[in-house]
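Here the structure is laid out as structure tokens; the discussion comes afterwards.
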Amino acid sequence: MILSKLKTALTGGVAMSMLAVGAPAAAFCGFYVAKADTDMFNDSSRVVMTRDGDRTVITMASDYEGDPTEFAMVIPVPTIVTKDQVHVSDVTLLDHLDAYTAPRLVEYHDGNPCVSDEYMKRDRLDMAPPVVAMGSSIESEAAYLGVTIEESFTVGEYDILILSARESSGLQTWLTSNGYKIPPAANRILDSYIKQDMKFFVAKINLEEQAKSGGEMLRPIAVAFESPKFMLPIRLGTVNSKGSQDMFVYALTRNGRVETTNYRTTKIPTDVNLPVFVEDDFDSVYPAMFTKAIDREGGSGVVMEYAWDMNWCDPCAADPLSVAQLRELGAFWVGDDGDMQRGGVKGQARDVFVTRLHVRYDAQSFPEDLKFQTTGNKENFQGRYVMQKPYDGSMDCKAADRYKKTVNRRQETEISTLANLTGWSKTEIRGKIDASGKGKKFDIDSGSGERWWDDIWGNKK
Amino acid sequence: MVDLIEYERGAQVAVSPRGLSRFRSMPVSKIISALFRDPRHFQITALSTLVLLGAFYYAFGLPLWHVLSCVGSTVATQFVGDKITGRRFDARSPLISALSITLLLRTGSIWLSLAAGIIAIGSKYVVRWRGKHIFNPANVALVILALAFDSAWVSPGQWGAAPWLAIALFGVGGAVTKKASRWDVSLAFLASYAALVLARALWLGDPLSIPVHQLQSGALLVFAFFMISDPKTTPNARLARVIYAALVAIVGFTIQFALFKSAGVIFALVLTAPLVPFFDNLFPASRYYWPNQIRKPVSQSPVAQPEGVSHDTVQT
């Protein structure tokens, strides 16, 4: 049973985790079916923040796919950074981290109700839902405008400048004359950052270098610095935005969960049973569920989608990141000495706790930059959605009638849950079920079925 | 002057028979009015409502063991402390401290929950000056644990910044602090903090939405109405209280915006609390008593400990 499901999942192109293969306990959290990765959300940005004490490494991935000559980014940073502090990273790392932390869909299969042992066992599973707690002329111009080019270097395909400025109009003039398109409304925000003693990390594409690297996609940039400010500047990004934007923040710490201190961090609804058609429709179900969760907070918010000890996962949407990958993302404290056996898997212990925050923001509801803190909360949390698949073999016994009724009732509950979580109407959901052909109710002949009184006086047929 | 009126009322209640027995001969209306006379009853009601709101509406991680261990350890510590010092036990003050700790302290360890209660109430008996305890019990426990242990922290973002909550906190908090005659501290603190964040926004050229967002913070308002307003640890004279509140706001704002530490005001209160005796010296005024406490003679001469005093001793 377990093997056959495993095979299905594997042939489905899904990487099962080491744990799910090795340890039967993994079945307790369900068999991983699908994940809600960031591709489901258009115009989203991804940031990995690795922090311990004041030491911070921020890795930023851009989903920019336009003309590289048009690409430019201006990011306020708390301190001056030098060439050694900047690194070009690998986008597959972020994809891996994204997959590992993504909200997941899992499945359970009902056994044949006519096999009593199996039925009893499954019945218990039903009753106890599977919830688991589980820089020349440029420089002189700059000086004239009150802009200082603190650092100027090329890393990978990026030409990077670190600027400090005395006042925003000089900075804006300088940026504009050097080909950075800065919306006029950004002036006040730049001014605010200058007064807060922030520096500006300014990057453009070096076309020669890009050609050399042969890459088409822009690789993520990682910046290491030390600062008491644990924050992400989002205000410049809201200036010209038409609506709300999605950002995924993956925080890696030693201590535990990361939360926002100036906005409320909420949890995505989790551990609920959903209709089985969701299997084919998870990429519309999850975004609807997220939007609904955000609506409850007034249309914007910070939502925790995952918080877990990097040593394991259950079920795994992707393997935990390796020590080398974590170090690449800035987890400097993760040692590369001493192999350890953990969870039955050969590998090093990773003293890393990951928190995935999904932020939907706009200028109105997020007037202030995001401020964070690391807490000592190491409680694991995952967005996990369960499909309990009814038995679809032939059933020819008395227990089958009762089983079918139970399943029909269960499916009603699942529809209500989905309606509640997505804001879709039940009619709409039933339409989707019919269209998919999955999770249809059992036909029960009411005349011949067992009645409640049949049981009490023993007048069973 | 408001204080004095409270005193007279307090003295009347204090001479009546002690304990629950005095309620037996009273009509219901009098019992209700007696219940409403003590500001602690308002505080307990308001804080319990916030605990329920936090647990069920905001879904804070508020496990039952945390609530129980906070309540148990504070009340037990008060009981032991009163036994040792020979005072009459009163569960109301430790209950208020317990509810504040429940709301603010986040931890996954039952030992730290228990320790919080013991530190909070223990500090009342140990850190005293002229018969008045120095630190707000819940406040000092929070700060000690958050600084000493990675597994204890304060979540300033947990309340969010919803306008309806800000309005509700203003209403309820205003009523509670009015009752304890400490609305002046809350308002002076909020006004000073507002002035600082507004001034910062003006200097930075930030839109008004930023300071408004900062002032709507539920955590800030809970602090203003339920922590800094403790009548027992604020200066006795009104002018002193207003200056003191402004000082807490300045220190808190500095920690928050210059040192970039969240929960700045909570740390600020602990840092400034030792100055309260100086304020009391500079601005002499009579001390606050709960309605069931007998007013202490103003003289500093040795006086026999009056019965019924919950946690004020007379300095000899």
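The values are calculated or read from the model by the stated rules, or taken from the named source; none is laboratory data. No experiment lies behind these values; they were computed from the predicted model shown. Ideal geometry is used to build each Cβ from the backbone, glycine not excepted, and the neighbour counts take in all protein chains shown. Remember, those area values only see protein heavy atoms, side chains included, never the ligands or the DNA or RNA. Shrake-Rupley method; radii C 1.70, N 1.55, O 1.52, S 1.80 Å.
For this structure, a couple of remarks:
- Residue satisfying condition, being crowded, with 22+ Cβ neighbours inside 10 Å, over 19 Å from the mean Cα position of the chain (by Cα) and aliphatic (A, V, I, L, M), within set B:Ala219, B:Ala152, B:Ala199: B:Ala152
- Verdict on B:Leu190 being surrounded by fewer than 23 Cβ atoms within 10 Å (Cβ to Cβ), out of contact with any strand residue (DSSP E or B) (no Cβ under 7 Å at 6 or more places or on another chain), within 14 Å of chain A (Cβ to nearest Cβ) and assigned to a helix (DSSP H, G or I): no
- Residue satisfying all of: in segment A:166-188; open to solvent by less than 20 Å² (accessible area, probe 1.4 Å) and in contact with a strand residue (DSSP E or B) (Cβ under 9 Å, 6 or more places away or on another chain); nearest to the other protein chains (Cβ to nearest Cβ) among these: A:Ala186
- Considering only residues in segment A:366-405 that are within 14 Å of chain B (Cβ to nearest Cβ) and of a type in the set (Lys, Arg), the one that is least open to solvent (accessible area, probe 1.4 Å) turns out to be A:Lys371.
- Residue within segment B:140-150 that is more than 19 Å from B:Phe253 (Cα to Cα), within 14 Å of chain A (Cβ to nearest Cβ) and not in a helix (DSSP H, G or I) present: yes
- If you go through segment B:202-211 and pick out every residue that is surrounded by 19 or more Cβ atoms within 10 Å (Cβ to Cβ) and in contact with an Asp or Glu (Cβ under 7 Å, 6 or more places away or on another chain), you end up with 1.
- Within segment B:151-175, being more than 9 Å from chain A (Cβ to nearest Cβ) and touching a Gly at 6+ places or on another chain (Cβ under 6 Å) holds for one residue alone: B:Leu165.
- Applying the criterion of at least 1 residues that are open to solvent by less than 20 Å² (accessible area, probe 1.4 Å) and closer than 30 Å to A:Thr375 by Cα to the helices (runs of 4 or more DSSP H) found wholly in segment B:25-117 leaves B:39-52, B:64-85, B:92-104.
- Single condition B:Val176 does not satisfy, out of (1) farther than 17 Å from B:Lys261 by Cα; (2) open to solvent by 20 Å² or more (accessible area, probe 1.4 Å); (3) among the β-branched types (Val, Ile, Thr): (2)
Every residue, every condition in (1) buried (at least 17 other Cβ atoms within 10 Å of the Cβ); (2) away from every other protein chain (no Cβ under 14 Å); (3) under 20 Å from A:Lys426 (Cα atoms); (4) out of contact with any helix residue (DSSP H, G or I) (no Cβ under 8 Å at 6 or more places or on another chain), yes or no:
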{"site": "A:Met247", "(1), (2), (3), (4)": "yes, yes, no, yes"}
{"site": "A:Thr261", "(1), (2), (3), (4)": "yes, no, no, yes"}
{"site": "A:Ile268", "(1), (2), (3), (4)": "yes, no, no, no"}
{"site": "A:Asn273", "(1), (2), (3), (4)": "yes, yes, yes, no"}
{"site": "A:Asp283", "(1), (2), (3), (4)": "no, yes, yes, no"}
{"site": "A:Met289", "(1), (2), (3), (4)": "yes, yes, yes, no"}
{"site": "A:Lys292", "(1), (2), (3), (4)": "no, yes, yes, no"}
{"site": "A:Val302", "(1), (2), (3), (4)": "yes, no, no, yes"}
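- Taken over segment A:196-214, the residue count meeting the criterion of being out of contact with any Pro (no Cβ under 6 Å at 6 or more places or on another chain) and of a type in the set (A, V, I, L, M) is 4.
- Residue that is most open to solvent (accessible area, probe 1.4 Å) [pool: residues in segment A:199-238 that are part of a loop (DSSP other than H, G, I, E, B) and farther than 21 Å from A:His87 by Cβ]: A:Pro228
- For A:Pro367: the one exception among (1) of a type outside the set (A, V, I, L, M, F, W, C); (2) within 30 Å of A:Arg46 (Cα to Cα); (3) out of contact with any helix residue (DSSP H, G or I) (no Cβ under 7 Å at 6 or more places or on another chain); (4) part of a loop (DSSP other than H, G, I, E, B): (3)
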